[in-house]
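What follows is a short report on a single structure.
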Amino acid sequence: MCFHFSGQFSTKSTPAGKYWNSTLVLKNLLEGYDRRIRPGSKGEPVVVYVDMYVSNIWAMQEMNMDFTIDIYLRQYWRDERLQFETQTPGAMLTLSSDINKQIWVPSTYFLATKKAYFHDVTTDNYLLQVKPDGSLFYSIRLTITTSCRLDLRDFPHDTQSCSLSLESYGYQSTDVLYVWNERLDNTSAIYIHDDLELPQFEVLGVSRSAKMNKYNIGNHSSLVANFRMKRRIGYFLIDTYIPSTIIVIISWISFWIDPETAPARVALGITTVLTMTTLISSARANLPKVSYVKAIDWYLLLCLIFVFGSILEYTCVTY
C-alpha cells in the first residue's frame with residue numbers, strides 16, 4: 001500500500017520518523033474499525049455533500065435515447081472514528097491504493113444508468129483525504145452512459161434536457177442524506193470544463209435539485225443534475241436542408257421544358273421524386289421510431305409535395 005501524506009504528524013524531523021509515525025496513525029485508525037457500520041449509526045443520518053466536475057459530454061445517441069458523460073464525482077462526509085491528533089495546522093492524510101475498501105463509503109449509484117465504468121489507467125483514478133477531525137474527501141472519475149428521454153418534436157431545432165441522478169443503493173434517508181455542496185466562494189456544485197464543446201450540441205447550462213425517492217422499502221435521498229443542451233443546426237443544413245431545397249428547385253426546371261418533350265419532363269420528375277424519397281429515408285434512419293411527427297418530417301414532406309406537384313402540373317398541361 002502506498003501513502004502520500006500532507007502535514008507532519010510528529011515532532012521528529014527525519015523523513016523516516018515522519019513516515020513511521022504517519023503509518024502508525026493509519027494503523028491505529030483502522031484498528032477495530034468496522035467498515036460495515038456507517039458513522040454515527042445510532043444518531044442522525046450521515047450527511048454526504050456532493051459536487052462534480054464535468055470533463056466531457058460525449059455525443060448523444062438519439063436512436064438509443066442516451067448520452068455519455070465523463071465526470072469527477074466528489075463526496076464529503078465525516079466519520080468520527082477516523083479522528084487523529086496532529087501538531088501541524090491544516091494537516092491532511094492523503095491515501096491511495098485500496099484503502100477505500102477498508103473504510104466506510106456511501107454506496108452511491110446512478111439511476112437509469114445503462115453502463116458505467118471506473119477509470120484505472122495508469123492507476124485507480126480516485127483520491128481519499130482524511131482530516132484530523134474525521135472529515136473525508138472522496139473523489140473518483142467515472143464515465144457514465146445514462147438514459148435521456150428525448151422530445152424530438154422540434155428536431156433538429158430542439159433543446160433537450162438530460163438528467164443525471166444519484167442516490168445511495170443500500171441506505172435509506174434515515175441513514176444517508178445527500179446534499180449539494182454549496183461552496184464558500186458561491187461557485188456551482190456542478191462545474192463544467194471551460195473548453196467543453198460538443199459537435200452537435202451547445203450546453204446552455206446545468207441546474208441541480210434534491211429530492212426524496214419513495215420505494216416500498218423506504219425513502220432514499222437523491223440528487224439530480226439536469227443538463228440543458230441545444231442542437232446545432234449546421235450539420236442538418238448541409239446534410240438535409242440544402243440538398244432537399246436544391247432538389248425542389250431542380251424539379252421546377254421542368255416548367256421551362258417543352259410540354260411536347262415528354263421523356264425529358266417525366267425523367268426529371270421521377271428522378272427528383274426518387275431522390276427526395278432517398279433523402280427522407282436517410283434523415284429518418286438514425287432516429288427512433290416515435291409515434292409523433294418531427295419538424296424535419298414536415299419540411300421533407302412539404303418538399304416531396306412540391307416535387308410531386310411538378311409532375312402533376314405536367315399531367316394537367318398535357319391532358
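I need the strands (runs of 3 or more DSSP E) fully contained in segment 67-141, keeping only those with at least 3 residues that are more than 25 Å from residue 31 (Cβ to Cβ) and either of a type in the set (A, V, I, L, M, F, W, C) or touching a residue at least 40 places away in the same chain (Cβ under 8 Å) (or both).
Counting at least 3 such residues, we get 108-110, 113-118.
Can you give me the number of residues within segment 283-307 that are in contact (Cβ under 8 Å) with a residue 24 or more places away in the chain, assigned to a helix (DSSP H, G or I) and not β-branched (Val, Ile, Thr)?
Count: 7.
Against the definition (in contact (Cβ under 8 Å) with a residue 24 or more places away in the chain, touching a helix residue (DSSP H, G or I) at 6+ places or on another chain (Cβ under 9 Å) and among the acidic types (Asp, Glu)), how does residue 313 come out, yes or no?
Yes, satisfied.
Return the residues of segment 65-96 that are in contact with a strand residue (DSSP E or B) (Cβ under 8 Å, 6 or more places away or on another chain) and polar (S, T, N, Q); say none if nothing qualifies.
68, 75, 94, 96
Can you find a residue that is of a type in the set (Val, Ile, Thr) and over 38 Å from the mean Cα position of the chain (by Cα) anywhere in segment 276-284?
no
Would you confirm whether or not segment 183-191 contains a residue that is modelled with pLDDT of 95 or more and part of a strand (DSSP E or B)?
The answer is no, given that none of the residues of segment 183-191 is modelled with pLDDT of 95 or more and part of a strand (DSSP E or B).
Could you run through segment 253-267 and say how many residues are touching a helix residue (DSSP H, G or I) at 6+ places or on another chain (Cβ under 6 Å) and within 19 Å of residue 306 (Cβ to Cβ)?
Total meeting the criteria: 3.
Residue 74 - would you say it is of a type in the set (Lys, Arg), within 17 Å of the chain's Cα centre (by Cα), assigned by the TED database to the domain that holds residue 226 and modelled with pLDDT of 90 or more?
Spelling it out, residue 74 is indeed of a type in the set (Lys, Arg), within 17 Å of the chain's Cα centre (by Cα), assigned by the TED database to the domain that holds residue 226 and modelled with pLDDT of 90 or more.
Of all residues being over 17 Å from residue 86 (Cβ atoms) and exposed (fewer than 11 other Cβ atoms within 10 Å of the Cβ) in segment 16-40, which is modelled with the lowest pLDDT? Just the residue, please.
Going through the qualifying residues, I end up with 16.
The values are calculated or read from the model by the stated rules, or taken from the named source; none is laboratory data. Predicted model, so just to flag it, every value in this text is computed and none were measured. As a convention, Cβ positions derive from the backbone with ideal geometry for all residues, glycine included, and neighbour counts pool all protein chains shown.
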